[in-house]
Structures are given as structure tokens and as C-alpha cells.
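Data first, discussion second: the structure below is written as C-alpha cells.
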Amino acid sequence: QVQLVESGGGLVQAGGSLRLSCAASGSIFSINNMGWYRQAPGKQRELVASITSGGITNYADSVKGRSTISRDNAKNTMYLQMNSLKPEDTAVYYCNAFTVRAVYWGQGTQVTVSS
């Protein structure tokens with residue numbers, strides 16, 4: 001079992017920055033890839049960024065150049081640094097972790113960007 005807890009969301013003005021954190025606990029040795037997803041009201045959950053256990057990253061076009069995903073294995077924590085935030089970035093942000101046997105999700109953290 002893996003437990004994931006997100007933090008760092010909040011209300012920010014357009015153009016501002018936020019850093020989201022995802023703390024993992026439990027069977028962390030079994031985690032391979034990790035990622036950040038978001039879900040806006042009335043929309044499907046979508047991938048924001050992902051990172052492999054080896055540090056290879058992937059970004060959605062909508063956040064490319066404005067966001068950086070990283071993971072600190074010593075702290076069992078993954079981060080998403082988001083800059084130049086736009087109102088359309090408003091959503092609940094979820095982290096996930098893949099193991100060989102299952103996919104785990106956090107409870108989500110709200111990000112609201114005001115215009």
C-alpha cells in the first residue's frame with residue numbers, strides 16, 4: 001500500500017506561482033512512475049506532468065514551459081512548481097503513483113487562479 005498526501009494548493013492571482021507537494025508513505029520502494037493530474041469542474045481529469053523513477057519527465061502542452069515536476073527520493077516527496085499561472089489552471093490537483101500492482105491517488109489539493 002502507498003499513501004499520498006498533496007499540499008501547497010491555494011488561491012493565487014494570475015501570473016503568480018505555486019509549488020505543490022506530494023508526500024508518499026507506505027511501500028514507497030515499490031513506486032515507479034509518479035504524476036500530477038488535475039480536474040476542473042465539469043471536465044475530465046487530465047495529466048499535467050509525469051516523472052519516472054529515473055527522472056524522465058513529461059508535460060502536457062498546456063503547462064509546458066511554465067511548470068517543473070521533480071521528485072526527492074530521500075524525502076519521498078514529489079513536487080510541481082507552477083509559474084505564470086492562468087485562470088484556466090484552476091482545478092483540483094491530484095498526485096498519483098504507479099507500482100507493479102496498482103495505481104494510487106492522493107486526495108487532491110485545490111488550486112484557484114484569479115484573473
Within region 27-36, residues being open to solvent by 50 Å² or more (accessible area, probe 1.4 Å) and either among the hydroxyl-bearing types (Ser, Thr, Tyr) or in contact (Cβ under 8 Å) with a residue 24 or more places away in the chain (or both) number 3
Scanning region 80-115 residue by residue, those hydroxyl-bearing (Ser, Thr, Tyr), crowded, with 19+ Cβ neighbours inside 10 Å and in contact with a Lys or Arg (Cβ under 8 Å, 6 or more places away or on another chain) turn out to be 93, 94
Over region 69-99, the set of residues among the polar types (S, T, N, Q) and closer than 17 Å to residue 13 by Cα is 81, 83, 84, 90
Note on region 54-79: residues part of a strand (DSSP E or B) and either open to solvent by less than 60 Å² (accessible area, probe 1.4 Å) or hydroxyl-bearing (Ser, Thr, Tyr) (or both) are 57, 59, 67, 68, 69, 70, 71, 72, 77, 78, 79
With the first residue restricted to region 59-78 and required to be more than 28 Å from residue 26 (Cα to Cα), and the second required to be at pLDDT 95 or above and open to solvent by 20 Å² or more (accessible area, probe 1.4 Å), Cβ contacts under 7 Å at 6 or more apart or on different chains are 60/46; 60/47; 66/83; 66/84
Counting only residues in region 5-16 that are closer than 16 Å to residue 38 by Cβ and more than 11 Å from the chain's Cα centre (by Cα), the one most open to solvent (accessible area, probe 1.4 Å) is identified as 11
Screening 40, 23 for residues that are surrounded by fewer than 18 Cβ atoms within 10 Å (Cβ to Cβ), in contact (Cβ under 8 Å) with a residue 24 or more places away in the chain and closer than 16 Å to residue 4 by Cα leaves only 23
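Rundown of residues vs (1) closer than 19 Å to residue 87 by Cβ; (2) at pLDDT below 95; (3) touching a Phe, Trp or Tyr at 6+ places or on another chain (Cβ under 6 Å), yes/no style:
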| residue | (1), (2), (3) |
| --- | --- |
| 21 | no, no, yes |
| 29 | no, yes, no |
| 34 | no, no, no |
| 53 | no, yes, no |
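The values are calculated or read from the model by the stated rules, or taken from the named source; none is laboratory data. Just so it is clear, the structure is predicted and the values come from calculations on it, not from any experiment. So basically every Cβ, Gly included, is an ideal-geometry build from the backbone, and we count neighbours across all protein chains shown. Please note that ligands, DNA and RNA were not included when accessible areas were found on the heavy atoms of the full protein model with its side chains. Shrake-Rupley method; radii C 1.70, N 1.55, O 1.52, S 1.80 Å.
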